[in-house]
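Notes to accompany the following structure.
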Amino acid sequence: MFFAAFGVGIISFDALLVRLANTDASIISFYRGLFMGLIMFSFMLIKGKKDVIPKDKKSIFIIICISLISGIGTSLFVFSVKYTIAANTVVLLATSSFFAAIFSYFILKEKVKKETLLAIFLSFFGVFLIVQNSVNLGGNLLGDFLGILLAVAMGLQLTLLRKFPHFSHYLLISLSGFFLMTVMGFIAKNPFDIPLMSIFWLFLMGMMQVVAMYFIYGATKYISSAEVGIFSTVETTLAPVWLWLFIGEVVPSSTLIGGAFVVSAIFVNGYSQIKKTKAA
């Protein structure tokens, strides 16, 4: 539980670091991909993971697909934070576990439990409140839409990772970073012409993400995935607090109300699974 809370707590600074970098979203995504790829590839070499690349073409194709989805999700997070209130992005991202449940029904043929269906309804109602407020304000709808796409991409990625658990996380994260860097290299204008301070924040972002993933993956060795899932609410709760404390970004009341529905849905769904696991 400490590993899960610590890992998610670290990654809750992500949205703040996007704001502090204070540059174009495509440039942030370029450096995010670069540092993710380099750091994870270095870890892979240090760990001596030389045999992580499969020999068959089908596995290589699947690894490329998962890495591309992961890279797309990483860029969607940055663009969503840039185009809307960051609190909206982290709340919308929290619904990824429910998109994963939907994808699991079709890809893994897993039945969706009644508690999960109720949780999906509650969380999507929260999403509706957030998006409705953006429509009324007329300024954040694009960022909210990208946040929903982010949750869909993350849900699909989690489902594919469950279907193919034998693939190396080191390789997947490293490839996704390099894919993202390559794509954004064509989109970003003058990616190397940015202040040194911005590069520092972006390097810190990449390093903190790797550390967070290390602790979150480590947590799954000791507690169930449902228990780890509950701690995703830590990011949803803390990210707006860091933004308010450090740069004074205020969270709209509709986001707070919608976020309360999403957090409650995640907690209720996760807690019911924990009870069933312990009873068994």
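The values are calculated or read from the model by the stated rules, or taken from the named source; none is laboratory data. Here the structure is a predicted model, which is why all the values come from computation and not from measurement. Note: ideal-geometry Cβ built from the backbone for every residue, glycine included; neighbour counts use all protein chains shown.
Quick notes on this one:
- Flag if ALA119 is within 19 Å of LEU141 (Cβ to Cβ), over 11 Å from the mean Cα position of the chain (by Cα) and at pLDDT below 90: no
- For the stretch 50-68, a residue qualifies if it is over 16 Å from PHE178 (Cβ atoms) and not β-branched (Val, Ile, Thr), and the qualifying residues are LYS50, ASP51, PRO54, LYS55, ASP56, LYS57, LYS58, SER59, PHE61.
- Every residue from the stretch 154-187 that is over 18 Å from GLY218 (Cβ atoms) and of a type in the set (Gly, Ala, Ser): GLY155, SER174, SER176, GLY177, GLY185
- The set of residues from the stretch 160-175 being touching a residue at least 40 places away in the same chain (Cβ under 8 Å), surrounded by fewer than 22 Cβ atoms within 10 Å (Cβ to Cβ) and either touching a Lys or Arg at 6+ places or on another chain (Cβ under 8 Å) or farther than 11 Å from ILE62 by Cα (or both) comprises ARG162, SER168, HIS169, TYR170, LEU171.
- Within the stretch 75-116, restricting attention to residues that are closer than 16 Å to VAL18 by Cα and in a loop (DSSP other than H, G, I, E, B), the residue that is modelled with the lowest pLDDT is ILE85.
- First in the stretch 214-229 and over 20 Å from ILE173 (Cα atoms) and among the charged types (D, E, K, R), second anywhere and at pLDDT 65 or above and surrounded by fewer than 18 Cβ atoms within 10 Å (Cβ to Cβ), Cβ under 6 Å, 6 or more apart: GLU227/ILE274
- Residue that is farthest from the chain's Cα centre (by Cα) [pool: residues in the stretch 192-215 that are assigned to a helix (DSSP H, G or I) and farther than 26 Å from MET44 by Cβ]: LEU196
- Conditions (1) among the hydrophobic types (A, V, I, L, M, F, W, C); (2) out of contact with any Asp or Glu (no Cβ under 7 Å at 6 or more places or on another chain); (3) more than 30 Å from LEU108 (Cβ to Cβ); (4) modelled with pLDDT of 90 or more: number failed by ALA188: (2)
- Matching option when the condition is touching a residue at least 40 places away in the same chain (Cβ under 8 Å), outside any loop (DSSP other than H, G, I, E, B), of a type in the set (Gly, Ala, Ser) and more than 30 Å from SER254 (Cβ to Cβ), among GLY143, GLY185, GLY126, GLY147: GLY185
- Meets criteria (within 22 Å of PHE167 (Cβ to Cβ), among the polar types (S, T, N, Q) and in a helix (DSSP H, G or I)) for SER29: no
- The numbered conditions (1) more than 29 Å from VAL234 (Cα to Cα); (2) surrounded by 15 or more Cβ atoms within 10 Å (Cβ to Cβ); (3) among the hydroxyl-bearing types (Ser, Thr, Tyr) are all true for THR23 except (1).
- Conditions (1) closer than 18 Å to GLY73 by Cβ; (2) in a helix (DSSP H, G or I): number failed by PHE167: (2)
- A Cβ distance below 8 Å, combined with a sequence gap of six or more or placement on separate chains, defines the contacts here; from the stretch 24-48, residues that are more than 12 Å from ILE173 (Cα to Cα) and in contact (Cβ under 8 Å) with a residue 12 or more places away in the chain reach residues that are of a type in the set (A, V, I, L, M, F, W, C) and part of a loop (DSSP other than H, G, I, E, B) in the pairs ASP24/ALA188; SER26/ALA188; ILE27/ALA188; ILE27/ILE194; SER29/ALA188; PHE30/ALA188.
- The set of residues in the stretch 151-186 that are closer than 19 Å to ILE266 by Cβ and either touching a strand residue (DSSP E or B) at 6+ places or on another chain (Cβ under 8 Å) or β-branched (Val, Ile, Thr) (or both) comprises VAL152, THR159.
- Filter pass, ILE11 being closer than 20 Å to VAL251 by Cα, of a type in the set (Val, Ile, Thr), in contact (Cβ under 8 Å) with a residue 12 or more places away in the chain and surrounded by 22 or more Cβ atoms within 10 Å (Cβ to Cβ): yes
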